[in-house]
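Student: Here it is, the structure in full.
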Amino acid sequence: MAYVKNLFDQNFIQYASYVIRDRAIPEITDGLKPVQRRIIHTLIKNDDGRFTKVANLVGKVMAYHPHGDASIYTALVNLANKDLFIDKQGNFGNMYTGDGASAPRYIECRMRPITKEILNTNPEITQYVETYDSRDVEPVAFKAKLPLVLILGAEGIAVGMSTNILRHNIHEVIDAERKYLRKENFQLYPDFPTGGLIDVSDYQDGLGKIVTRAKMDTSDDKKIVITELPYGSTTESLCDSIEKAAKNGKVKISSINDYTSDKVNIEIKLQRGVYTKDVVDALYAFTECEQTVYCNLLVIKDNMPVQMTCTQVIEHHANQLVGILKDELELEKRALTEKLHLRTLERIFVEERIYKKIETQKTEEGVIKAVKDGFKPFKDELIRDITDEDVDHLLKIPIRRISLYDMNKNRQEVKAINDRIKEINRLLKHLVDYAISWLDGIEAKLDGESTKRRTKITNINTVDVKAVTKRDLSLHYDEKSGYLGTEVSGGEEVMKVTPYDKVLYVRKSGIYSVSEAPKKIFVGPQMRYCGMADKESLSKVLFTIIYREPETQYVYIKRCRVAAFIMNRDYFFAPDGMEVLHVDTRKDFEFTLKYVPKPKMKVLSEKFKAGKYEEKSLKAKGVRLVAKEVQSLEIKE
């Protein structure tokens with residue numbers, strides 16, 4: 001058993017780690033999940049500038065992604081609809097209506113040029129590893145120059161954790177990076193392609209929540225037109241929620257029509273005698289026109305799941321941008337230095353006719369030595385020592401090229417290389433300024449119209465559902481069956497309630513409970529009391545409980561109020577073991593106690609007034625009325 005348990009624990013940990021790191025949670029370095037990274041890697045590798053069938057591309061991605069084609073196709077469509085890395089051709093679905101994309105054989109896509117500018121694919125900077133079948137290599141994570149995790153957003157559910165990162169406007173993200181590099185203050189808030197309104201007062205830098213609303217045109221008193229959707233809704237789901245609310249009597253409308261195409265247009269017509277101002281709050285309260293979205297910015301950082309804020313992500317990526325640009329400059333400098341070295345060798349090799357010295361050599365070693373010896377007088381002009389590989393490069397120069405060698409062209413090329421190296425050295429000394437200029441350049445390449453902010457930030461006073469719900473549900477109590485609820489058909493109506501009202505009811509036994517207005521609950525015959533359980537209502541109700549002690553048959557009276565309670569929990573007005581004879585809510589009333597007849601007893605009954613006894617706390621013991629055995633109780637109505 002111990003072996004099986006250890007095996008189960010080990011396998012579960014491996015599975016959980018795999019789901020967290022390799023499926024559900026994005027990597028902070030490039031903001032991508034593995035399937036998205038493999039799609040982009042495939043697009044880059046197969047990019048020829050032309051559109052490719054999505055079905056064909058999905059098949060190529062399967063060489064890197066050990067899962068089915070359906071998951072790759074869905075991820076590709078979602079990534080394409082982010083409108084950053086992929087150009088689309090064909091029907092990729094409608095984000096407004098929720099309609100899906102066409103089959104992969106009918107749609108095409110290609111990589112946008114901006115992809116290679118944002119993602120570094122150089123193997124000397126970006127780490128590559130073997131694929132799952134060791135037939136190819138793939139990036140561990142692209143070195144991204146922009147915080148894609150904020151620009152693209154992400155949702156994912158792993159084992160024991162989840163992430164919900166809202167999308168942000170790319171211009172605002174770039175501006176935030178710029179401000180961080182300039183050591184200025186910045187603040188980021190979400191932006192959604194469907195538009196709508198959002199309240200970010202509790203956003204908490206990506207770890208709180210937002211309230212999002214549909215944008216409505218309410219200029220017509222008899223018609224409401226929804227022109228923008230709240231985050232997370234489609235026109236179909238929004239219309240369904242409105243129809244459901246109308247069916248349940250929450251919203252008074254006569255019809256709803258969806259005319260959405262490339263823009264949202266949902267027309268709601270109101271009932272006769274109902275006006276726009278009477279319906280708007282109900283739409284926010286009972287439909288998807290208003291939603292609260294909770295955020296959790298969870299990413300993989302250093303191979304571990306880490307919760308971060310938007311500010312921390314910007315700081316991380318600004319520093320990463322500077323590091324990537326530094327690596328790129330140093331790599332370019334090394335390549336230029338090597339190129340300069342070769343051009344210097346070629347010039348000296350031709351100009352000083354060193355190639356003439358190899359004519360008398362009969363062995364390969366002699367040729368190599370003759371070339372190296374020929375360069376000794378010019379050692380000070382060389383950037384580094386000459387190697388066998390350099391000699392091999394020189395010996396491969398064709399005779400035709402030597403005879404037509406253009407010294408002026410060589411000097412111009414050397415000058416251009418030196419100028420670029422000087423520029424690189426200057427940039428390396430001012431990396432922050434270079435990073436800011438890079439951000440300016442990449443922002444200039446973005447389509448201003450398609451990337452502008454669509455969601456309007458505003459202050460939203462959340463509609464209290466209870467406040468706009470009318471008390472029109474009848475709460476019935478059937479004495480014969482003992483059932484209480486809004487779905488009890490027989491009996492008498494106790495009061496009008498809403499589904500959100502809290503109701504206190506007292507059973508015959510003196511046990512009381514509080515619950516939301518019940519649909520149908522058994523409370524037994526002779527229910528003592530039923531009323532609202534909100535703080536204001538209960539403060540006005542004074543309960544009078546008359547109970548009898550079974551051992552002595554003495555009767556006690558207790559007057560108290562219910563100040564606090566736990567929902568759906570049973571409480572007893574009297575001490576344990578007592579028999580409750582009566583529960584009343586009148587301020588004062590008369591009642592008569594009839595005593596057990598005994599020899600020499602002259603008084604067999606006695607009248608009392610409840611108003612004479614003081615109010616006590618709920619947990620206090622009652623006051624004994626008389627030290628006599630009580631046979632029965634009569635209440636004066």
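Student: In segment 88-111, which residue that is under 27 Å from the mean Cα position of the chain (by Cα) and of a type in the set (D, E, K, R) is modelled with the highest pLDDT?
Tutor: 88
Student: Another question, then. Which members of segment 338-365 meet the condition of being over 60 Å from the mean Cα position of the chain (by Cα) and surrounded by 15 or more Cβ atoms within 10 Å (Cβ to Cβ)?
Tutor: 347, 348, 349, 350, 354, 355, 357, 358
Student: Find the residue count for segment 302-311, including only residues that are polar (S, T, N, Q) and free of Cβ contacts under 8 Å to residues at least 60 places away in the same chain.
Tutor: So the answer is 0.
Student: I need the full set of residues from segment 455-489 which are more than 27 Å from the chain's Cα centre (by Cα), open to solvent by less than 50 Å² (accessible area, probe 1.4 Å) and at pLDDT 85 or above, in order please.
Tutor: 474, 475, 476, 477, 478, 481, 482, 484, 485, 486, 488
Student: Can you find a residue that is of a type outside the set (Gly, Ala, Ser), under 28 Å from the mean Cα position of the chain (by Cα), surrounded by 14 or more Cβ atoms within 10 Å (Cβ to Cβ) and under 22 Å from residue 58 (Cβ atoms) anywhere in segment 117-134?
Tutor: yes
Student: If you take the residues in segment 599-617 that are hydrophobic (A, V, I, L, M, F, W, C) and modelled with pLDDT under 90, which one is surrounded by the most Cβ atoms within 10 Å (Cβ to Cβ)?
Tutor: 604
Student: When you check residue 77 against the structure, is it part of a helix (DSSP H, G or I), without any contact (Cβ under 8 Å) to a residue 40 or more places away in the chain, open to solvent by less than 40 Å² (accessible area, probe 1.4 Å) and of a type in the set (Val, Ile, Thr), yes or no?
Tutor: yes
Student: While we're on this one: Tell me, yes or no, whether segment 220-237 has at least one residue that is open to solvent by 10 Å² or more (accessible area, probe 1.4 Å), part of a loop (DSSP other than H, G, I, E, B), at negative phi and free of Cβ contacts under 8 Å to residues at least 24 places away in the same chain.
Tutor: Checking segment 220-237: not a single residue is open to solvent by 10 Å² or more (accessible area, probe 1.4 Å), part of a loop (DSSP other than H, G, I, E, B), at negative phi and free of Cβ contacts under 8 Å to residues at least 24 places away in the same chain.
Student: Being open to solvent by less than 30 Å² (accessible area, probe 1.4 Å), modelled with pLDDT under 85 and either closer than 30 Å to residue 327 by Cβ or not in a helix (DSSP H, G or I) (or both) narrows it down to one residue among 424, 397, 402; which is it?
Tutor: 397
Student: A follow-up question, please. Please enumerate the residues belonging to segment 238-262 that are surrounded by fewer than 15 Cβ atoms within 10 Å (Cβ to Cβ) and not charged (D, E, K, R).
Tutor: Passing the criteria: 248, 249, 254, 255, 257, 259, 261.
Student: Looking at this structure, is residue 321 surrounded by 15 or more Cβ atoms within 10 Å (Cβ to Cβ), at pLDDT 95 or above and either touching a helix residue (DSSP H, G or I) at 6+ places or on another chain (Cβ under 7 Å) or among the hydrophobic types (A, V, I, L, M, F, W, C) (or both)?
Tutor: For residue 321, the condition - surrounded by 15 or more Cβ atoms within 10 Å (Cβ to Cβ), at pLDDT 95 or above and either touching a helix residue (DSSP H, G or I) at 6+ places or on another chain (Cβ under 7 Å) or among the hydrophobic types (A, V, I, L, M, F, W, C) (or both) - is met.
Student: Take residue 84 and decide whether it is open to solvent by less than 30 Å² (accessible area, probe 1.4 Å), outside any loop (DSSP other than H, G, I, E, B) and touching a residue at least 40 places away in the same chain (Cβ under 8 Å).
Tutor: No; evaluated as a whole, the condition is false for this residue.
Listed here are the residues, each with its yes/no results for (1) without any contact (Cβ under 8 Å) to a residue 60 or more places away in the chain; (2) within 45 Å of the chain's Cα centre (by Cα); (3) in a strand (DSSP E or B).
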{"residue": "525", "(1), (2), (3)": "yes, no, no"}
{"residue": "541", "(1), (2), (3)": "yes, no, no"}
{"residue": "544", "(1), (2), (3)": "no, no, yes"}
{"residue": "553", "(1), (2), (3)": "no, no, no"}
{"residue": "559", "(1), (2), (3)": "yes, no, yes"}
{"residue": "562", "(1), (2), (3)": "yes, yes, no"}
{"residue": "565", "(1), (2), (3)": "no, yes, no"}
{"residue": "582", "(1), (2), (3)": "yes, no, yes"}
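Student: Identify, from the list 508, 520, the residue that is surrounded by fewer than 16 Cβ atoms within 10 Å (Cβ to Cβ), in contact with an Asp or Glu (Cβ under 6 Å, 6 or more places away or on another chain) and at pLDDT 90 or above.
Tutor: 520
Student: How many of the residues in segment 265-301 are farther than 19 Å from residue 239 by Cα, over 22 Å from the mean Cα position of the chain (by Cα) and either open to solvent by less than 60 Å² (accessible area, probe 1.4 Å) or touching a residue at least 60 places away in the same chain (Cβ under 8 Å) (or both)?
Tutor: Final tally of qualifying residues: 2.
Student: Look at residue 173 and say whether it is open to solvent by less than 30 Å² (accessible area, probe 1.4 Å), of a type in the set (A, V, I, L, M, F, W, C) and closer than 30 Å to residue 431 by Cα.
Tutor: For residue 173, the condition - open to solvent by less than 30 Å² (accessible area, probe 1.4 Å), of a type in the set (A, V, I, L, M, F, W, C) and closer than 30 Å to residue 431 by Cα - is met.
Student: Can you name every residue in segment 176-214 that is of a type in the set (Asp, Glu) and buried (at least 21 other Cβ atoms within 10 Å of the Cβ)?
Tutor: 177, 191
Student: Can you pull out every residue in segment 105-115 that is touching a helix residue (DSSP H, G or I) at 6+ places or on another chain (Cβ under 7 Å) and open to solvent by 40 Å² or more (accessible area, probe 1.4 Å)?
Tutor: Matches in segment 105-115: 105, 108.
Student: Now for a separate question. May I ask you to list the residues in segment 139-163 that are assigned to a strand (DSSP E or B), open to solvent by less than 20 Å² (accessible area, probe 1.4 Å) and over 19 Å from residue 39 (Cβ atoms)?
Tutor: Hit for segment 139-163 is 163, nothing else.
Student: Considering only residues of segment 584-598 that are in a strand (DSSP E or B) and open to solvent by 30 Å² or more (accessible area, probe 1.4 Å), which is nearest to residue 561 (Cα to Cα)?
Tutor: Checked segment 584-598; the qualifying residue nearest to residue 561 (Cα to Cα) is 590.
Student: Also: Is at least one residue of segment 200-212 assigned to a helix (DSSP H, G or I), within 30 Å of residue 38 (Cβ to Cβ) and either within 13 Å of the chain's Cα centre (by Cα) or without any contact (Cβ under 8 Å) to a residue 60 or more places away in the chain (or both)?
Tutor: The answer is yes, given that some residue of segment 200-212 is assigned to a helix (DSSP H, G or I), within 30 Å of residue 38 (Cβ to Cβ) and either within 13 Å of the chain's Cα centre (by Cα) or without any contact (Cβ under 8 Å) to a residue 60 or more places away in the chain (or both).
Student: Next up: Which of the residues that make up segment 100-123 are within 17 Å of residue 45 (Cβ to Cβ) and assigned to a loop (DSSP other than H, G, I, E, B)?
Tutor: Selection gives 112, 113, 121, 122, 123.
The values are calculated or read from the model by the stated rules, or taken from the named source; none is laboratory data. Computed from a predicted structure; not experimentally measured. Counting neighbours? That spans all protein chains shown, and the Cβs are built from the backbone with ideal geometry, glycine included. Remember, those area values only see protein heavy atoms, side chains included, never the ligands or the DNA or RNA. Shrake-Rupley method; radii C 1.70, N 1.55, O 1.52, S 1.80 Å.
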